[in-house]
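Only one structure is covered here, and it is reproduced in the block below.
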């Protein structure tokens, strides 16, 4: 079954055709990687999925419902979580609170006036947040202020915020950029494990081919705003069009 | 205890002790002594401490947690005051309906203004709230005179209907606001040695309300709702990508803080049944911002402290005059004495605002976290140094 | 309603609009270049006005001579005050100098305001570039209180009349110039002067930004501060100068406004609140927007104070500016000519 179906998406910024008739199908339970040279439109495409940008034309269907024109929080509530490329965290709050917020959003919806229940009595939510942080090897950092963490840790926190929501679709924008090799491998293991155990659908944008080929079930190659190839990983490596796109000999 | 963590409960107890014992420790100087003018333990001033404390606690729920800087909260204080006086005029001289209704009226008023103003953020939000408050002030002072009493203000009168208790005149006087017959202005005075302690009904009612207001604020700060408000301040955008709609949260915070302002307004008229339009002016909105900043934005006790300090200094500094200064510096040689008086003169008496402005600048420049932030920083530094030494 | 009455209201709105536009222009310059929200800008306007008051006081400083030939009502010799300038330059020239105190105050105010601007920027504002906008608002608000209290301590709380030169007393029969009956649309000369003066200042500021290298760098800085900083251009120094210029513009607006409205210590705050509304309505960071909104709101305010309008909607004159601000901000989130992403966090 298809989790996400993208049909004919176009987006123009002034004179630049950032996305040109993008078609993409992501099957449920798969890890789908989107790769492509810089400026190919990968992040723009992701922004269209989460409501940060609205395409000029086209449709984005998620399990049969149209995501376009919805508010970011509605899209998230529909089951799409995004892990940002540059960490967008709540830097004035602790690591634990950063993870509890998306967990509460998952449980309570877009608004809940729970002004009198003490936060420390939310033991279930707290436990879930700690579990996810443990999975990512951050259990010793739960009480740290988010702003005081290293960049790599912020990336992992980002991921924890996405994972704790148990989304149906997880969008990962270069999840391992800025991480050490060891952390990268650990992240690959975590994502692999979650993908296998929960059957979570993921779209991952990545430059690191080691990550892409360790994780992806399927790969789309984006160049100049359009999908030039979509295939299984083993067929991508030798593909002439892909090599041209990366080496710049396409035209 | 009471659903609070141990530390919060201790904080609540501390505040309870503070307000309960205020009539005593705010009068540290014996009656008739040279320093008696620094005493603050008289009813009128103490009432102002707690009432503005309530106002600032509420303001802090909006500004301290969400970071939305409203320059129009005096409008809610004013609306609450007017509603309160009307209850005293129409229903009963008992203050309870006045206090309850003023809170509710301010709540409705803030819901309307907040709903519109919160469509914008940053300085645009500040200007929208300022515009609404200035409009309310201008209208209250002019066109709405039948409701607000215009520039002279609204007050209770001899022949108000007061349909619930029909309390007309007592011996030809306008009845004073009371709590089931116990007049707000009633005080018991106790002489202990040279000291004079005044226990006032109105003050203790206000202090009781302050405790409830403070307790609710602690619960809000420690709730998931409070955490969401902090997240709004920290990263509003990210919150919506996390599946939370920030606007209902900020609106709820806005209405809660508006209700606190209305409650403060209601208490003001319960103490002294007079409401004027100047209570809505933007300078009054600025004052509550000052209190919150001075005490410490986003801290629980900071706003109460800030309100108390500003009201205390306002009262003391504005009372000091040249005669008093000459008295103080009388021990100096004449030339030096005159010189000292000339130096200090612009800062006291009518020049109190100069001191206020300077104080304000110094706090913002050197203590961005306010007094509480400064104290916490100091504590941490000492504490850390100790732990390093180990 | 007659056309002439409408014209009169437009004219009446121009002088207040000019003042709003000049203050808002300076606020926008400071915000656009330095990224600082300056709540002390109204105080600068007020200080400008008191420059005129000060100069008038200096010029009329007198020495006292006794005229033995005449006696006052107590039978003592009559005291005659003679201003020093009359003594030095002769009576006619001296009186003319005193008469022209307000225009002369421009020369006096420019260096004073520039200096105040420099000191303010170097001494205080500089340290707040990286602080949150709320902190900037609060510290400059505190400064505004301090400045106005100092003025109050020296000059008292009352309004101090500062007359325009005699040559400008009286009114221009503007209506008869454009074909209405004489005496219907009259406009005081000084207000004409004020409007023309404001237009010259506005044009000068725009020309300065448009045609000088300095201005080009400042405009580039307004558009993208970081990049300009990376080019190795010393932005800081230019920003200090810009702050001085903005202070001077506000000060001059204040100097020339004294004959229209006798200054007092809190005039700055009165204008500040409205000027901020003007800046926001114009769009934070847009110089053109600030000027446009200044005039629009000034004229709107003038229309709303017409008797016919007040009878129709009571109290509208009191609230029209705020009402307009609310409507404009809700319809156009970033003001009339505002750019995206300015001051939204």
**Asked** Somewhere in the stretch C:82-104, is a residue part of a strand (DSSP E or B), surrounded by fewer than 16 Cβ atoms within 10 Å (Cβ to Cβ) and free of Cβ contacts under 8 Å to residues at least 40 places away in the same chain?
**Response** yes
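The rows are residues; the columns are (1) more than 13 Å from every other protein chain (Cβ to nearest Cβ); (2) part of a helix (DSSP H, G or I).
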position: B:283; (1), (2): no, yes
position: B:300; (1), (2): yes, no
position: B:346; (1), (2): no, yes
position: B:350; (1), (2): no, yes
position: B:383; (1), (2): yes, yes
**Complete:** Per the list (1) assigned to a strand (DSSP E or B); (2) surrounded by fewer than 22 Cβ atoms within 10 Å (Cβ to Cβ); (3) within 8 Å of another protein chain (Cβ to nearest Cβ), residue check on residue A:58 breaks on (3)
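Please verify whether the stretch A:215-224 includes one or more residues that are closer than 26 Å to residue A:162 by Cα and assigned to a loop (DSSP other than H, G, I, E, B).
Pass one, the stretch A:215-224, residues closer than 26 Å to residue A:162 by Cα: A:215-222.
Imposing the further condition that a residue be assigned to a loop (DSSP other than H, G, I, E, B) reduces the set to A:216-217.
Yes, the stretch A:215-224 contains a residue that is closer than 26 Å to residue A:162 by Cα and assigned to a loop (DSSP other than H, G, I, E, B).
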**Request:** For the stretch B:234-246, enumerate the residues that are at the interface with chain A (Cβ under 7 Å from one of its Cβ atoms), touching a helix residue (DSSP H, G or I) at 6+ places or on another chain (Cβ under 6 Å) and at negative phi.
**Result:** B:240, B:241, B:242, B:244, B:245
**Asked** Has the stretch C:280-301 got any residue that is over 24 Å from the mean Cα position of the chain (by Cα) and either facing chain B (nearest Cβ under 10 Å) or in contact (Cβ under 8 Å) with a residue 60 or more places away in the chain (or both)?
**Response** no
**Message:** On the basis of being part of a helix (DSSP H, G or I), more than 9 Å from chain C (Cβ to nearest Cβ), without any contact (Cβ under 8 Å) to a residue 24 or more places away in the chain and farther than 22 Å from residue C:277 by Cα, does residue B:100 make the cut?
**Reply:** no
**Asked** outside any helix (DSSP H, G or I), in contact with a helix residue (DSSP H, G or I) (Cβ under 8 Å, 6 or more places away or on another chain), away from chain C (no Cβ under 13 Å) and modelled with pLDDT under 95 - does that describe any residue in the stretch B:78-95?
**Response** yes
**Asked** What is the one condition in (1) under 30 Å from residue B:296 (Cβ atoms); (2) more than 13 Å from every other protein chain (Cβ to nearest Cβ); (3) out of contact with any helix residue (DSSP H, G or I) (no Cβ under 8 Å at 6 or more places or on another chain) that residue C:130 does not satisfy?
**Response** (2)
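Can you pull out every residue in the stretch B:113-127 that is outside any helix (DSSP H, G or I) and facing chain C (nearest Cβ under 7 Å)? Full working, then the answer.
Looking only at the stretch B:113-127, we keep the residues that are outside any helix (DSSP H, G or I), and these are B:118-121.
Residues satisfying the conditions are B:119, B:120, B:121.
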**Fill in**
Here the qualifying pairs (Cβ atoms under 9 Å; residues six or more apart or on different chains; first in the stretch B:135-154 and within 11 Å of another protein chain (Cβ to nearest Cβ) and under 13 Å from residue B:85 (Cβ atoms); second modelled with pLDDT under 90 and surrounded by fewer than 18 Cβ atoms within 10 Å (Cβ to Cβ)) come out as B:140/B:147; B:140/B:150
**Request:** Among the residues of the stretch B:361-379, write down those that are more than 14 Å from residue B:289 (Cα to Cα), assigned to a helix (DSSP H, G or I) and within 14 Å of chain C (Cβ to nearest Cβ).
**Result:** B:362, B:365, B:366, B:373
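Output the residues belonging to the stretch A:85-127 that are part of a loop (DSSP other than H, G, I, E, B), in contact with a strand residue (DSSP E or B) (Cβ under 8 Å, 6 or more places away or on another chain) and at the interface with chain B (Cβ under 8 Å from one of its Cβ atoms). Give the derivation first.
Taking the stretch A:85-127 as the starting set, the residues that turn out to be part of a loop (DSSP other than H, G, I, E, B) are A:85-93, A:109-118, A:122.
Imposing the further condition that a residue be in contact with a strand residue (DSSP E or B) (Cβ under 8 Å, 6 or more places away or on another chain) reduces the set to A:85, A:91-93.
A:91, A:92, A:93, listed by residue number.
Filtering the stretch B:219-233 down to residues that are in contact (Cβ under 8 Å) with a residue 24 or more places away in the chain and under 17 Å from residue A:87 (Cα atoms), which residue is nearest to the other protein chains (Cβ to nearest Cβ)? I'd like the intermediate steps shown before the answer.
First, the residues of the stretch B:219-233 that are in contact (Cβ under 8 Å) with a residue 24 or more places away in the chain: B:219-222, B:225-226, B:229-230, B:232-233.
This time we only want the ones that are under 17 Å from residue A:87 (Cα atoms), so: B:232-233.
Values: B:232: 9, B:233: 7 Å.
Ranking the candidates gives B:233 first.
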**Message:** Among the listed residues A:94, A:187, identify the single one that is under 18 Å from the mean Cα position of the chain (by Cα) and either farther than 22 Å from residue B:237 by Cα or surrounded by fewer than 19 Cβ atoms within 10 Å (Cβ to Cβ) (or both).
**Reply:** A:187
**Message:** Cβ contacts < 7 Å: first residue without any contact (Cβ under 8 Å) to a residue 24 or more places away in the chain, restricted to the stretch B:181-194; second residue assigned to a loop (DSSP other than H, G, I, E, B), any location; separation 6+ or different chain. Result?
**Reply:** B:183/B:176
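The values are calculated or read from the model by the stated rules, or taken from the named source; none is laboratory data. No experiment lies behind these values; they were computed from the predicted model shown. All Cβ positions, even for glycine, are placed from backbone atoms using ideal geometry, and neighbour counts span all protein chains on display.
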